[in-house]
Amino acid sequence: MTLGRLLRLIVSACAFFAFSISLASAQSCRWAGTAPFCGGECGGNESEVARFETLPEFWVYPSRVDPRRRTYAAGLYTHVRDRWGIVYDQPIVLNERQAGVAIEGIEQHNNAADRIRISLLAVDTHGYTNPAMSIAKLLGFDLCPRLRDLAERKLFMPRGFTIPEGLEAVTLRRVSLAAIERGWDELLRLAASLRSGRVSATLALQRFGSAAQGDPLHRAAEHMGRLLRTVFLCDYIAIEDFRREIHTLLNRGESVHQLQRAVYSGKVAPERGRRRDEMRAISGSHALLTNIVLAWNTSRMHEVVERLKRDGTRVEDDWLRRIGPAHFSHINFRGTMRFGVEKYAEALVQRGPRYPARVAS
């Protein structure tokens, strides 16, 4: 067997392994979402990056210093459904804008015929840009960011529109409808390319990021994104239920990320991250283990709820919506067992007769 054929077989085996992991993770996530306390109201999703320590010489995805923990780390970007469970994962480089990978995960999920479409994606500031809001809207879902420094954010309107007196101080007339019209055809062509899979959202957002300022396509996406962000901020501030739903999605994502960090601790060895398929396998395996824990917790919690109902205890559905299966204090991740034998020490250990201490002669 030639070396090239051997390498092709290895790559094929790794790809099949990664696909199998992804399929198993999707099945466990789908099963866990059937419980009544794993309900969601908006078909929403939350995306966030989990950080895992590596060594500085990490290869495929360069290690960067995590600003929170001051250690070298790589990122695993995950999408968490409003019904709990990780539906998409991808290794990324830390400290970069993550709007592209956030959109990519939703598009990959929505393209599957056997899955419920996601109509809302909640992200923090790192997963948001104005062009990303435009592309997400054209792909059929809303990008809803929890923006940092919200009190300093401005509303954007085109010139010639009447603005209420109370909003004049926080509104800027910096939206060009002409720029949107000039780049509209190219914007639709980009959305069609993303929908057909000819280009990934990650690559598209990198190509048409801030470095592409002045390009008609970038200008159209930027100005359309300003309008969409203005509409979102008005809804976010004025509609309490909408704001609560966004916060609920983000809080569920944070709970799952705490579980992710508990599932795996330590550093990813550099010999395990030299190829993209290895990093995909690491990311997929971690998501699978996380979904297994969520599914197991869901099963146990469902049994408790059913037992309470059989005993005549009234359980409100609204209570169940606020309960999540992301707890892990009862799960032994490391295989370390501890038995409380201290109070049984006298019965378990037969003590010998006590001899007087020797006296040095």
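The values are calculated or read from the model by the stated rules, or taken from the named source; none is laboratory data. Being a predicted model, the structure only gives us computed values, none of them experimental. FYI the Cβ positions are ideal-geometry reconstructions off the backbone, even for glycines, and counts take in every protein chain you see.
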Conditions (1) at pLDDT 80 or above; (2) among the charged types (D, E, K, R); (3) under 23 Å from the mean Cα position of the chain (by Cα); number of the one not met by Lys309: (3)
Breaking point among (1) closer than 23 Å to Ile92 by Cα; (2) surrounded by 15 or more Cβ atoms within 10 Å (Cβ to Cβ), for Phe156: (1)
The lone exception for Leu76 - which of (1) farther than 25 Å from Asp235 by Cα; (2) modelled with pLDDT of 85 or more; (3) touching a Lys or Arg at 6+ places or on another chain (Cβ under 9 Å) it fails: (2)
Those residues of the range 152-178 which are closer than 18 Å to Gln213 by Cα and under 33 Å from the mean Cα position of the chain (by Cα), in sequence order: Arg174, Val175
The range 200-223, residues that are under 24 Å from the mean Cα position of the chain (by Cα), not aromatic (Phe, Trp, Tyr) and not in a helix (DSSP H, G or I): Ser200, Gly209
Scan of the range 303-321 for residues that are exposed (fewer than 10 other Cβ atoms within 10 Å of the Cβ) and either in contact (Cβ under 8 Å) with a residue 40 or more places away in the chain or over 23 Å from Ser255 (Cα atoms) (or both), ordered by number: Arg310, Asp311, Gly312, Thr313, Arg314, Asp317
Qualifying positions in the range 229-277 - in contact (Cβ under 8 Å) with a residue 24 or more places away in the chain, farther than 14 Å from Ile86 by Cβ, part of a helix (DSSP H, G or I) and among the charged types (D, E, K, R): Arg229, Glu245, Arg276, Asp277
When residues of the range 179-194 are limited to those that are of a type in the set (A, V, I, L, M) and within 26 Å of the chain's Cα centre (by Cα), the one farthest from Leu139 (Cα to Cα): Leu190
Any chance Arg280 is over 24 Å from the mean Cα position of the chain (by Cα), buried (at least 18 other Cβ atoms within 10 Å of the Cβ) and in contact (Cβ under 8 Å) with a residue 40 or more places away in the chain: no
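How about the range 137-186: which strands (runs of 3 or more DSSP E) wholly inside it have at least 1 residues that are under 30 Å from His79 (Cα atoms) and in contact with a strand residue (DSSP E or B) (Cβ under 8 Å, 6 or more places away or on another chain)?
Ranges flagged: 142-146, 155-158.
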Residues (surrounded by fewer than 17 Cβ atoms within 10 Å (Cβ to Cβ) and closer than 23 Å to His257 by Cα) located in the range 121-146: Thr125
Residue among Gly209, Gly166, Gly197 that is over 15 Å from Leu138 (Cβ atoms), surrounded by 11 or more Cβ atoms within 10 Å (Cβ to Cβ), among the small types (Gly, Ala, Ser) and modelled with pLDDT under 90: Gly209
